[in-house]
Amino acid sequence: MACRPGGRASLLWSAIALVVLLPDQAFAHASERGHVLLLPTGHYLVGGAVAVAASFLALLVLPERLVVRAAAMRLWLFACPERSRAVVSLLSFSFMAMLLLAGLFGSRDPLSNPLPLTVWTLLWVGVTLVQGVVGNVWTWLDPWYGPWKIAHRVFRLKPTRMPARWGYWPAFLLLAAFAWFELIYPAPDDPARLAFVVGIYWLATFAAMLAFGHAEWSRRGEFLSAFFAMLSRFAMLGCEPKAGGGKRLALRWPGAGLSEADPLPLSGVAFLLLALSSVSFDGLSKTFFWLGLNGVNPLEFPGRTAVMGTNSVGLALAFLGLAGAYFASVAMGARLAGDRVAYAKAAGLLVWSIVPIALAYHLSHYLTALLVNGQYAGIALSDPFARGWNLFGTAGGHVHAGIAAGSGAAWIVWNLQAGAIIAGHVLAVLIAHGLAARLYADARAAALSQLPLTLLMIGYTVFGLWLLSTPTAG
């Protein structure tokens, strides 16, 4: 291209800033259309008690080496089908292009247009959960890999090396922008505006991949790929190198991939903490407590536009609060253990234990939205341009809100939400147990190092249960 890289990036980010700052009516976020079911107080209290008991039981009774041996167990299945990756990616790119056209020329109603429903429900909620359970399916769904592979072969590109000092900061900044757009911006599910932002982001990312290579920018620059790769370490399936060469699909215990991960740099730690804190703030920002704290009557919620400034500050404070608590817990743990390990190494390794909590809260927070808005997505995808089509036979379907709001369904949803948060907490403690064993050869020092972090996990679990049980608005 004739345009200098710096000038091209400036034009792209200027365009994004222009579309974001354009005044217009405020739309509700698509994921907020699902019913809100407040967790009963009994679930909240019992869940907190179970979290406390399970934490200290694991610390006092479970040998660290047992966790380490369990994490190393593998059942090898078959070779990973790498050859089909480019083909699936091109299909994913074609699907994305169709969604962008639907966003620009289809219905303006976010519940009838497949673009916002796909981005906010199927991708951000559905694919995130699939990553944590099944494995890294995003490596095939990635809409950049196929086009990049073609460009790389045709133009014989020689990418420059991405500076090591950048770490994960590009992905961190892009995740922060995404979180602000999703949680703070008044109209994140306006189809036309979302189509513009997604299109610009695809182009900017593709340019970065041409410059630095697909693998490197995906690992540390493109926030979705970086986030999904981290989550997939928790999954029970994963493509791993095997003795003799090549990669094979392996069946493993949940979280085993986290127990064997390398320490993250400061930028990677910040990235993971931002992912957890942003979803938590999404829940906090709607509570009567938060709205009342900021002088807003929750029974007369004025809309997102009125609280943009307050919530922007709140989103930043949520990250800083969690980061401060995490780094303080690791520092106190290192002190209790006798400061035998470098602090940066301990902080970079133990942060992997946050992943189960992030996944659990993601499921609990978005569960009702997934159940309800997923049905809207199935209907919208059958008629993406609002032309009366019925491509998949679902266009005439009816959304059954009772799947999440009926009395029987509510009981199931409540138990799934509470159970997910408690299970995520217990798994986090177990994973931290195994990670501490890698840091400290002495079992007593390893156990002492975990005490402050375990208390933080208990507090965050109780906080998550409280968010599900307290009244919300907006």
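Search the stretch 89-112 for residues that are within 16 Å of PHE196 (Cα to Cα) and pair each with any residue that is surrounded by 15 or more Cβ atoms within 10 Å (Cβ to Cβ) and of a type in the set (Val, Ile, Thr) when their beta-carbon atoms are under 7 Å apart and the residues are at least 6 apart or on different chains.
Pairs found: LEU99/THR118; LEU100/VAL198.
If I go through the stretch 198-243 residue by residue, how many of them are among the aliphatic types (A, V, I, L, M) and over 23 Å from ALA151 (Cβ atoms)?
Total satisfying the criteria: 6.
Sort through ARG220, ARG193, ARG252 and tell me the only one that's buried (at least 17 other Cβ atoms within 10 Å of the Cβ), under 30 Å from PHE105 (Cα atoms) and among the basic types (Lys, Arg).
ARG193
Let me spell it out: the conditions are (1) of a type outside the set (S, T, N, Q); (2) open to solvent by less than 60 Å² (accessible area, probe 1.4 Å); (3) modelled with pLDDT of 95 or more, and PHE93 meets all of them except one. Which number is the exception?
The number of the failed condition is (2).
Is it the case that PHE206 is out of contact with any Ser or Thr (no Cβ under 6 Å at 6 or more places or on another chain), within 28 Å of GLY314 (Cβ to Cβ) and not basic (Lys, Arg)?
no
Would you check which residues across the stretch 56-89 are more than 21 Å from PHE234 (Cβ to Cβ), open to solvent by 60 Å² or more (accessible area, probe 1.4 Å), part of a helix (DSSP H, G or I) and at pLDDT 75 or above and list them?
The answer is ARG83, VAL87.
Considering only residues that are closer than 18 Å to ALA428 by Cα and in contact with a Phe, Trp or Tyr (Cβ under 9 Å, 6 or more places away or on another chain), which ones fall in the stretch 328-351?
Listed by number, the residues that qualify are VAL330, ALA347, LEU350, VAL351.
For the structure I just gave you, tell me whether TRP389 is open to solvent by 30 Å² or more (accessible area, probe 1.4 Å) and under 22 Å from ALA195 (Cα atoms).
When the stated conditions are applied, TRP389 passes them.
Which number in (1) open to solvent by less than 50 Å² (accessible area, probe 1.4 Å); (2) within 24 Å of TYR366 (Cα to Cα) marks the one condition that ARG233 misses?
Going through the list (1) open to solvent by less than 50 Å² (accessible area, probe 1.4 Å); (2) within 24 Å of TYR366 (Cα to Cα), ARG233 breaks only (1).
Can you tell me how many residues in the stretch 441-474 are more than 29 Å from PRO298 (Cα to Cα) and either assigned to a helix (DSSP H, G or I) or open to solvent by less than 10 Å² (accessible area, probe 1.4 Å) (or both)?
Number satisfying all stated conditions: 15.
Just wondering, is there one or more residues in the stretch 326-345 that are surrounded by fewer than 18 Cβ atoms within 10 Å (Cβ to Cβ), at positive phi and either small (Gly, Ala, Ser) or under 24 Å from the mean Cα position of the chain (by Cα) (or both)?
Scanning the stretch 326-345, I find at least one residue that is surrounded by fewer than 18 Cβ atoms within 10 Å (Cβ to Cβ), at positive phi and either small (Gly, Ala, Ser) or under 24 Å from the mean Cα position of the chain (by Cα) (or both), so the answer is yes.
Can you find a residue that is open to solvent by 20 Å² or more (accessible area, probe 1.4 Å), among the hydroxyl-bearing types (Ser, Thr, Tyr) and either within 24 Å of the chain's Cα centre (by Cα) or farther than 23 Å from GLY268 by Cβ (or both) anywhere in the stretch 351-362?
There is no residue in the stretch 351-362 that is open to solvent by 20 Å² or more (accessible area, probe 1.4 Å), among the hydroxyl-bearing types (Ser, Thr, Tyr) and either within 24 Å of the chain's Cα centre (by Cα) or farther than 23 Å from GLY268 by Cβ (or both).
Taking the conditions exactly as written (open to solvent by 50 Å² or more (accessible area, probe 1.4 Å) and in contact with a helix residue (DSSP H, G or I) (Cβ under 7 Å, 6 or more places away or on another chain)), does LEU122 satisfy them or not?
yes
Quick one: which residue in GLY257, GLY238, GLY246 is buried (at least 23 other Cβ atoms within 10 Å of the Cβ) and in contact with a strand residue (DSSP E or B) (Cβ under 8 Å, 6 or more places away or on another chain)?
Result: GLY257 is the single residue among GLY257, GLY238, GLY246 that is buried (at least 23 other Cβ atoms within 10 Å of the Cβ) and in contact with a strand residue (DSSP E or B) (Cβ under 8 Å, 6 or more places away or on another chain).
Over 16 Å from the mean Cα position of the chain (by Cα) and crowded, with 21+ Cβ neighbours inside 10 Å, is that true of LEU264?
yes
Collect the residues in the stretch 149-165 that are among the aliphatic types (A, V, I, L, M) and either surrounded by 10 or more Cβ atoms within 10 Å (Cβ to Cβ) or under 13 Å from HIS214 (Cα atoms) (or both), keeping them in residue-number order.
Selection gives ILE150, ALA151, LEU157, MET162.
The values are calculated or read from the model by the stated rules, or taken from the named source; none is laboratory data. If you're wondering where the values come from, they're calculated on a predicted model, not measured in any experiment. Counting neighbours? That spans all protein chains shown, and the Cβs are built from the backbone with ideal geometry, glycine included. For accessibility, only protein heavy atoms count, side chains too; no ligands or nucleic acids. Shrake-Rupley method; radii C 1.70, N 1.55, O 1.52, S 1.80 Å.
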